Amino acid sequence: MAERSVLVTGGTGGLGGAVTAAFLRAGWRVVVPEREGAATEPAGSGPVRVTADLLEPAGVARAVELATADPDAPLRAVVNLVGGYASGGLVHETPVEEFDRMLRINLRPTYLVTQAALPHLVAAGGGAVVCVSARAAVAPFPGAAGYATAKAAVLAFANAVAVEYRPRGVRCNTVLPSVIDTPANRAAQPDADHRRWVSPAEIAAVIRFLASDESAPTSGASIPVYGRA
């Protein structure tokens with residue numbers, strides 16, 4: 001039986017599947033919110049799934065309630081993977097609605113899920129939050145001002161959590177991927193040198209480490225996971 005739980009948002013995506021698998025192999029109870037498909041699998045046979053819209057507080061509350069439902073496996077980690085990318089024109093060519101959308105889908109779920117989970121992590125005696133930003137947050141490229149701004153906001157938020165909750169035993173760290181080697185990214189960039197990209201499994205190993213007791217001294221870190229890109 002698992003002795004601790006982790007809430008993995010975006011756990012069905014290209015990176016999320018690898019992260020979920022990494023925690024399951026390490027013996028965690030893994031709770032994965034989904035927008036559709038309310039069927040819940042028994043703990044121990046795979047991730048526990050719950051239907052939840054993570055853009056809304058009610059959906060977040062439902063996911064956190066399930067993540068904290070097993071008293072024998074208290075919630076000890078949250079991994080914020082939910083986000084999205086959209087390219088566009090230069091700043092003067094980008095509608096404010098598109099800029100707002102990047103902030104909404106990248107920052108809002110990370111804030112709401114972390115906010116709802118923090119009291120439970122504190123009550124469990126401490127734990128870890130891992131957020132996913134992007135290299136674009138520290139090295140922007142043309143045509144993605146909204147995305148770069150949103151991911152920089154995720155990084156700033158994670159650093160704020162690290163400062164505020166360090167005295168309460170909760171750590172918060174951030175990983176910054178470059179281009180992740182997923183089928184969707186390969187389809188979008190068929191002529192790129194995919195060997196230079198970072199694999200989901202490589203990032204998942206870093207995330208699992210940051211959620212574990214092995215990384216206990218580390219909080220407020222921004223970890224580049226660029227591969228060879």
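The values are calculated or read from the model by the stated rules, or taken from the named source; none is laboratory data. None of these values were measured; they are calculated from a predicted model. Here the Cβ is made from the backbone with ideal geometry for all residues, glycine too, and neighbour counts use every protein chain on show. Only protein heavy atoms, including side chains, enter the accessible area calculation; ligands, DNA and RNA are left aside. Shrake-Rupley method; radii C 1.70, N 1.55, O 1.52, S 1.80 Å.
When the GluC sites (Glu not before Pro) in the stretch 23-116 are filtered for DSSP coil states and for at most 12 other beta-carbon atoms within 10 Å of their beta-carbon, the remaining sites are Glu36.
Please give the net charge around Leu176, taking every other residue with its beta carbon less than 11 angstrom from that of Leu176, where Lys and Arg add +1 and Asp and Glu add -1. Within the 11 Å Cβ shell, the charges total +2. The modelled label-to-label distance between Ser199 and Met1, using points 7 Å beyond Cα along the C-beta direction, is 3.6 nm.
For the stretch 93-229, what class follows from the C-alpha gyration tensor (a ≥ b ≥ c being the square roots of its eigenvalues): rounded when a/c is under 1.5, otherwise prolate if a/b is larger than b/c, else oblate? In terms of gyration-tensor shape, oblate.
With contacts defined as alpha carbon pairs under 8 Å and 6 or more residues apart, what's the relative contact order of the chain in percent? Present the calculation step by step, with values, prior to reporting the outcome.
Values: 470 pairs, mean separation 44.8, N = 229.
Dividing the mean separation by the residue count of the chain yields 20 percent.
Take every pair of alpha-carbon atoms less than 8 Å apart whose residues are at least six positions apart; their mean separation over the length of the stretch 21-137 yields a relative contact order of 24 percent.
Overall dimensions of the stretch 1-97, expressed as equivalent-ellipsoid semi-axes from the Cα gyration tensor (√(5λ), whole Å, largest first), are 30, 15, 11. Every Cα-Cα pair in the stretch 115-192 was counted, and those over 19 Å apart are 49% of them.
About the centre of its Cα atoms, the stretch 78-181 shows a dipole size close to 400 debye [charges on the beta carbon of Lys, Arg (+1) and Asp, Glu (-1) only; nearest 20 debye].
Other residues within the sphere of radius under 12 Å centred on the Cβ of Phe157, judged by their own Cβ, net out at +1 (K and R +1, D and E -1).
What the chain shows is 47 Å² of accessible area per residue, with the surface traced by a 1.4 Å probe over protein heavy atoms.
At q = 0.14, 0.15 Å⁻¹ the log10 of I(q)/I(0) for the chain amounts to -0.85, -0.97, computed by Debye summation with a single uniform scatterer per C-alpha, solvent ignored. Take the alpha carbon atoms of the stretch 67-97, find their center, do the same for the stretch 124-203, and report the distance between the two centers in whole angstrom. That distance is 10 Å. Using the Karplus relation 6.51 cos²θ - 1.76 cosθ + 1.60 with θ = phi - 60°, the per-residue 3J(HN,Hα) values for the stretch 137-142 come to 5, 10, 9, x, 10, x Hz, with x marking Gly and Pro. When shorter helices are ignored and each DSSP H run of at least 4 residues is given -39500 (n - 2.57), the per-residue value for the chain at 222 nm works out to -12500 deg cm²/dmol.
Under the rule a/c < 1.5 gives rounded, and otherwise a/b versus b/c splits prolate from oblate, where does the stretch 142-184 land using the Cα gyration tensor? The shape class here is oblate. Just going by the charge dipole of the stretch 1-125, with Lys and Arg at +1 and Asp and Glu at -1 on Cβ, which of Trp28, Gly84, Val8 is farthest out on the positive end? Of the listed residues, the answer is Trp28. Charging the Cβ of each Asp and Glu at -1 and of each Lys and Arg at +1, and nothing else, the dipole of the chain about its Cα centre rounds to 440 debye.
On a full-extension model of 0.36 nm per residue, what is the gain between Ala156 and Glu65, subtracting their alpha-carbon distance, rounded to one decimal in nm?
Going from the current span to full extension adds 30.1 nm.
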